[in-house]
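Read the structure below first, then the notes.
The values are calculated or read from the model by the stated rules, or taken from the named source; none is laboratory data. Please read these numbers as outputs of a predicted model, since none were measured by experiment. Quick reminder, even Gly has a Cβ in these numbers, built from the backbone with ideal geometry, and neighbours come from all protein chains shown. Only protein heavy atoms, including side chains, enter the accessible area calculation; ligands, DNA and RNA are left aside. Shrake-Rupley method; radii C 1.70, N 1.55, O 1.52, S 1.80 Å.
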Amino acid sequence: MMAIVAVTVAVSMGCANRGAGPQGGPVDSIPPQLIKSEPYNGQLNYTKNTMNLDFDEIVLVEGAYDKVIVSPPQKTAVVVKALGKRVLVEFADSMQPNTSYTVDFTDAIVDNNEKNPLRNFSMSFATGDHIDSLQMAGLLLDASNLNPLPGIVIGIHSDLSDTAFTTTPFKRVTKTDMNGNFRIRNIAPGSYHIFALGDLGSNYFYDMPNEQIAFLDSVFVPSVSSRVRIDTLLNDSVMALLADSINVDSLPKSALPPEAIDTIINRTVYDYTPRDIILQAFTEPKGRQYLVKNDRPERFKFNLYFAQPLDSLPQITGLNFPADSVLILQANKTQDTLTYWLPDTVYSSLDTLSMTVNHRNTDTLGVLGWSTDTLNIAYRPPRTKESRSSSRKKKDDKPVVTHISLKSNVNNTFDVYRNVELTFEVPAWPTDSGRCVIEQQVDTLWHVVADSIYPLDSIGLRYRFDFKVEPATSYRIIADSAKFVNLKGECNDSTGIGFKTRSLEEYGKLIVTLSRRDSNEILQLLNEKDTPVREIKATEDKTVFEYLDPGKYYLRLYNDWNGDSIWTPGSYEEGRQAETVYYFPYSINIRALWDVEEEWDYRDFPLPEQKPLELIIDNNKNKNR
């Protein structure tokens, strides 16, 4: 064996390219190594307010404010700076007596040249004659998509009351690494609640409504046990010679020659529990509510913008117009922007609309109530070249006739499962004049197949034909002039829109059978960007996704506990977790004219192992650029 290694090394040296010149050597991939420190790791009775860490090369500290975290939390942030080969840590707060301290550097310390990070690096010491040594570890996931969350504070409380999380800084803290993993070190014996906090206020408790949080009702009692593990020491000289010809680090010890193993020893291994805590973070759907602003982009409408979705609509009282009888309300999907239309020109012609608005508002104590504002909403026409030169227009100029823009959702590759709809930018209504129909082409002739439409809203912005299209068929929409009139009194011009539907041979089908059900599952079909393209409530037998374009898809499910057909985050005040999300662990390839059937037990895999790797956001990408 030794002879073979020697020959291999000799051949490798003899075959070197003599004309290649200096190659610069291999790229440094080794992170900085700690040589000595004050205090040393685990030191007792250390009361100085500084730490000195000496490394084997020049180092930098990157992102110290965000990455370096001290436990117990400090009121004033510690100062962490690099001085050549030394890292200096300065505590501003007074050292607490008989307390275990942990300084978790995560991956903030890097070498000066290649920026290789020293990952998961921490130092501990105690100001008394005992250092707490228990640990708790786990993983933090985004509750909505199971992505691991990096850089989030994880904290514990020995105060098990519900108010501790919202009023008191954590007792011990750490931060999740780039893969969402966390480990809280130097914990004293006792019982604890654990939390995650996107700590925007940097105060280590939950007091801002837009902070990400995670919590568990479980009470954890950390513990440690020991066991003996048989290990081997390797012969350094033999290993160095082997390393010249093979990558010994990639080989199991069983594959090494006997002469490479020097000594067999017994090692004591400590197992800390709990070590598999799963936290799922969300942002509560609440925040300070107030009227942000208003505007009037057109004479015939005005907008009110609110900071949060409204649970109750505002009450508007017109001061120079009868608001109750003339306003038509349109709310956006998120219920935080309200558009009010004025169909009566008597009032839309007013330069200023005066009103009182009684609306939902959060007071200075954080209590949601009602507040009344008096608004004077003015219309200011935009200044254009036409308006500036209007005085120079000839007296015999004829006014420009404006027609309604009638739009449809059809195109020349219209899907057979869609409904044909018409939309308007300004509320419009059909009249008794003329017709609005869909015609189907049969050979060279056109036949009316739909002559009725019905509104999809109460304000005249969307209409749908009472008709279902057939595959591989040509159609056209015909609307006679003046069939629709909008609130400005404008009519549509005669319109013809042609379209053709796709054939069934272009589609595939996915059939999903859930091997267990809770009667509230909603299935989402995802594209390769983790974005839903279809959503269906699971059925008793089989859930079918029809008319799918060929391609790669993924499958996600959430338990719709409240029955509102949307994924709902949790609430700490109500003690409610976010609706649980699950992923089918494999991609699904859909082919034209093929039916794909999948049986899925969505609780078969642990949550951290469910999401396909290609869908998980790579938190290393931005760090390695």
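What to note about this one:
- Helices in the chain, meaning DSSP H runs of at least 4 residues, each add -39500 (n - 2.57). Divided by all residues, the mean residue ellipticity at 222 nm is -1500 deg cm²/dmol.
- Residue-normalised accessible area of the chain, expressed per residue, 1.4 Å probe, Å²: 55
- Of all aspartates and glutamates in the structure, those lying under 17 Å Cα to Cα from Lys286, and not within fewer than 8 positions of it along the same chain, are Asp199, Asp207, Glu211, Asp311, Asp336, Asp363, Glu573, Glu574, Glu579.
- When the Cα positions of Ala281, Val70, Gly201 are compared along the charge dipole of the chain, Gly201 comes out farthest toward the positive end, with charges on each C-beta of Lys, Arg, Asp and Glu.
- Computed over neighbours whose Cβ is under 10 Å from that of Asn412, the net charge equals +2, Lys and Arg +1, Asp and Glu -1.
- Other residues within the sphere of radius under 14 Å centred on the Cβ of Asp518, judged by their own Cβ, net out at -1 (K and R +1, D and E -1).
- For segment 542-608, the alpha-carbon coordinates run over 50, 26, 20 Å along the three principal axes, in decreasing order.
- For segment 180-192, Karplus couplings with θ = phi - 60° (6.51, -1.76, 1.60), whole Hz, Gly/Pro x: x, 7, 9, 8, 9, 9, 6, 8, 7, x, x, 10, 9
- Over all Cα atoms in segment 174-219, the spread is summed up by Rg and Dmax: 11.9, 33 Å.
- Each residue, Asn562 and Lys85, gets one label point 7 Å from its Cα in the Cβ direction; the gap between the two is 5.9 nm.
- Electrostatic tally near Asn358: other residues with Cβ closer than 15 Å to its Cβ, Lys and Arg +1, Asp and Glu -1, net -3.
- Relative contact order (%) - criterion: Cα under 8 Å, at least six apart; region: the chain: 8
- Pairs from Lys468/Lys509; Lys301/Lys537; Lys468/Lys542; Lys333/Lys552 whose Cα-Cα separation, in the structure shown, is over 28 Å: Lys301/Lys537; Lys333/Lys552
- Whole-Hz ³J(HN,Hα) from phi, Karplus 6.51 cos²θ - 1.76 cosθ + 1.60, for segment 515-530, glycine and proline x: 6, 9, 9, 10, 6, 10, 7, 10, 9, 10, 8, 10, 8, 6, 9, 6
- The H on the amide N of Asn186, modeled in the peptide plane, is under 5 Å from the matching H of Leu134, each at least 5 residues off or on a different chain.
- Restricting segment 63-120 to trypsin sites (Lys or Arg not before Pro) that sit in a DSSP loop and have at most 10 other Cβ atoms within 10 Å of their own Cβ leaves Lys75.
- The portion of the accessible surface of segment 466-581 made up by carbon and sulfur, rounded to a whole percent, is 46 (1.4 Å probe; DNA, RNA and ligands excluded).
- For segment 297-312, the Karplus equation 6.51 cos²θ - 1.76 cosθ + 1.60, evaluated at θ = phi - 60°, returns couplings of x, 9, 4, 8, 7, 9, 10, 10, 10, 10, 6, 9, x, 8, 8, 9 Hz by residue, with Gly and Pro reported as x.
- Ranked by the mean number of other Cβ atoms within 10 Å per residue, highest first, peptides 301-309, 470-478 order as 301-309, 470-478.
- Correct option for Cα Rg over 2.2 N^0.38 Å [calculated from the coordinates] among (i) 1.44; (ii) 1.27; (iii) 1.35: (iii)
- Here the gap between Lys48 and Ala92, fully extended at 0.36 nm per residue and compared with their Cα-Cα distance, gives a gain of 14.7 nm.
- Nitroxide proxy distance, nm - points 7 Å out along Cα→Cβ at Glu421 and Asp595: 3.0
- Cα gyration tensor shape for segment 32-163, rounded if a/c is under 1.5, else prolate or oblate: oblate
- Residue order by solvent-accessible surface for Trp561, Trp600 is Trp561, Trp600, largest first, with ligands and nucleic acids left out and a 1.4 Å probe.
- Degrees separating the helix 2-14 axis from the principal Cα axis of the chain, which is the longest one: 60
- Prolate/oblate/rounded label for segment 442-601 (Cα gyration tensor, a/c 1.5): oblate
- Label-to-label distance, nm, for residues given as Lys542 and Phe467 (7 Å Cα→Cβ offset): 3.3
- The apolar share of the surface of segment 265-359, taken as the fraction of accessible area on carbon and sulfur atoms (1.4 Å probe, ligands and nucleic acids excluded), comes to 46 percent.
- Taking only alpha carbon atoms, segment 130-200 gives an Rg to Rh ratio of 0.98, where Rh is the Kirkwood radius.
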